[in-house]
Each structure stands twice: as structure tokens, then as C-alpha cells.
Amino acid sequence: MFKNWDGERWFLFVVAVFIFCGLGGQLYLQSRVSTLEDGWATSAKNLAEIGALADEIYALKEDMRNDEALQVGAYAYIGDMMVSSRIGKKFDVPKPQELKNQAEGYKDMRYSLRRTSGETFSRQQIANFMLYIEGNTMRMKVSKLTLNRAKSGGEDWTVDFTFTERMPLGEG
């Protein structure tokens with residue numbers, strides 16, 4: 001079949017082969033472009049998520065810099081919150097118990113507040129004190145609350161608190 005072809009047919013055959021190769025190459029490049037465009041969209045989405053996480057990290061670092069318990073120290077902070085919440089300095093704050101968690105990279109300091117006398121408080125006073133403690137710091141939370149109805153009856157309660165201050169190892 002090919003040996004009887006003249007130059008014009010060979011030329012047309014070569015042009016047809018180039019056209020088919022060009023179309024095949026074009027289809028291949030289109031598939032690669034769509035794959036790369038999908039990759040760009042995914043990358044842009046991931047980059048946006050990284051940016052949002054970075055913003056959160058910067059906001060947390062700023063909150064940590066402004067953290068009251070970190071600035072004044074835990075004992076002073078607890079005392080200030082007793083006064084600010086109007087519950088008064090009616091608790092003893094013994095030396096804290098330190099619990100290290102080496103694997104996780106943090107340590108907890110537990111502060112147990114015990115009543116100095118038979119003081120009683122309303123539920124609102126207790127709630128305000130807990131709100132003041134947890135509201136101005138990210139590091140300190142109420143981890144144990146012992147609440148008993150006062151012997152005098154009514155709406156008064158006796159209360160003991162345990163606060164936990166969590167901080168990275170090497171700090172404090």
C-alpha cells in the first residue's frame with residue numbers, strides 16, 4: 001500500500017500523523033491543566049486555613065500577654081479576684097500542689113481554697129467568684145467545687161474551691 005504512494009500522499013500522511021499527535025498531546029495537556037487547577041484550588045484553600053490558624057495563634061499569644069494571672073502571679077490574682085468579686089478574703093490559700101505531665105509538655109498547679117471560718121455565701125456570690133477567676137485568665141480554671149448547704153438553712157452555702165493553673169513546662 002505504501003510503496004505505490006507518491007510524494008504528495010506521503011506529505012498528506014505525515015501531516016495527518018502530526019495532526020493526530022497534536023490532538024492527542026492537546027488532550028493530554030488539558031487533563032494535566034485541569035489536575036493542576038484542582039491542585040491550585042486545594043492549595044489556596046489550605047493556605048487560607050493556615051492563615052486563619054496563624055491569626056488564631058497570634059490572638060492567643062496576645063491573650064497570653066494580657067493574662068492577668070500571668071502578670072501578677074497566681075496568689076495575687078486569686079486574692080484580687082476575691083476582692084473584685086466581693087466574696088472577700090475569707091479563704092486560706094495553702095501552697096499549691098504541682099502535677100507535671102512531661103509527655104504532654106505542661107504542668108498543673110492546683111490551689112485549694114479553704115474557708116478560714118464558718119463563712120457562708122449565696123449562690124450568686126459563688127458564681128461571681130468563679131466567673132471572675134475564669135474570666136480574666138486562660139490559665140486558671142475551677143477544677144473542683146465542694147458546695148454544702150449552710151447549717152443555718154436558707155439560701156446560704158459553704159464552699160471550698162480547687163483551681164488548676166495550667167502552664168507549659170519550664171514556666172512559672
Taking the Cα centre of the chain as origin, work out the dipole magnitude from +1 charges on Lys and Arg Cβ and -1 charges on Asp and Glu Cβ, in debye rounded to 20.
720
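Let's see if you can work this out: charge +1 on each Lys and Arg Cβ, -1 on each Asp and Glu Cβ, no other charges. What is the dipole magnitude of region 15-113 about its Cα centre, in debye to the nearest 20?
Working: 11 positive and 14 negative charges, 68 e Å.
Around 320 debye, computed over region 15-113.
Can you tell me the relative contact order of region 72-168? Whole percent, Cα pairs under 8 Å, sequence separation 6 or more.
Details: 164 pairs, mean separation 28.6, N = 97.
Relative contact order, region 72-168: 29 percent.
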Would you be so kind as to identify all helices of the chain, as entire DSSP H runs, whose Cα atoms reach 18 Å or more along the helix's own axis and whose mean Kyte-Doolittle hydropathy is at least -0.5?
7-65
Given charges at Cβ of Lys, Arg, Asp, Glu: the chain dipole, positive-most of ILE19, ILE126, ALA41
ILE126
ALA150's amide H: which non-local residues (gap 5+, or another chain) put their own amide H closer than 5 Å, with H modeled 1.01 Å from N in plane and none for Pro or chain starts?
ASP156, TRP157, THR158
List the pair-distance distribution P(r) of the chain, using every Cα-Cα distance, as the percent of pairs falling in each 10 Å bin from 0 up to the bin containing the longest distance, rounded to whole percents.
8, 23, 17, 11, 8, 7, 6, 6, 6, 5, 3, 1, 0
Separation of region 32-52 and region 97-147 by C-alpha centroid, Å?
45
So which of LYS61/LYS95; LYS61/LYS144; LYS89/LYS141; LYS61/LYS89; LYS90/LYS144 end up more than 23 Å apart by C-alpha?
LYS61/LYS95; LYS61/LYS144; LYS61/LYS89
Please turn the phi angles of region 105-111 into ³J(HN,Hα) values with the Karplus equation 6.51 cos²θ - 1.76 cosθ + 1.60 (θ = phi - 60°), one per residue in order, whole Hz, x for glycine and proline.
x, 9, 9, 10, 10, 9, 10
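Would you mind working out the magnitude of the charge dipole of region 62-160 relative to its Cα centre, with +1 at each Lys and Arg C-beta and -1 at each Asp and Glu C-beta, to the nearest 20 Debye? Don't skip to the end; give the middle numbers.
Working: 16 positive and 14 negative charges, 83 e Å.
For this selection, approximately 400 debye.
Laboratory data are not the source of any read-out in this text; all were calculated from the coordinates shown. Please read these numbers as outputs of a predicted model, since none were measured by experiment. Reconstructed Cβ throughout: ideal geometry from the backbone, glycine too, with neighbour counts over all protein chains shown.
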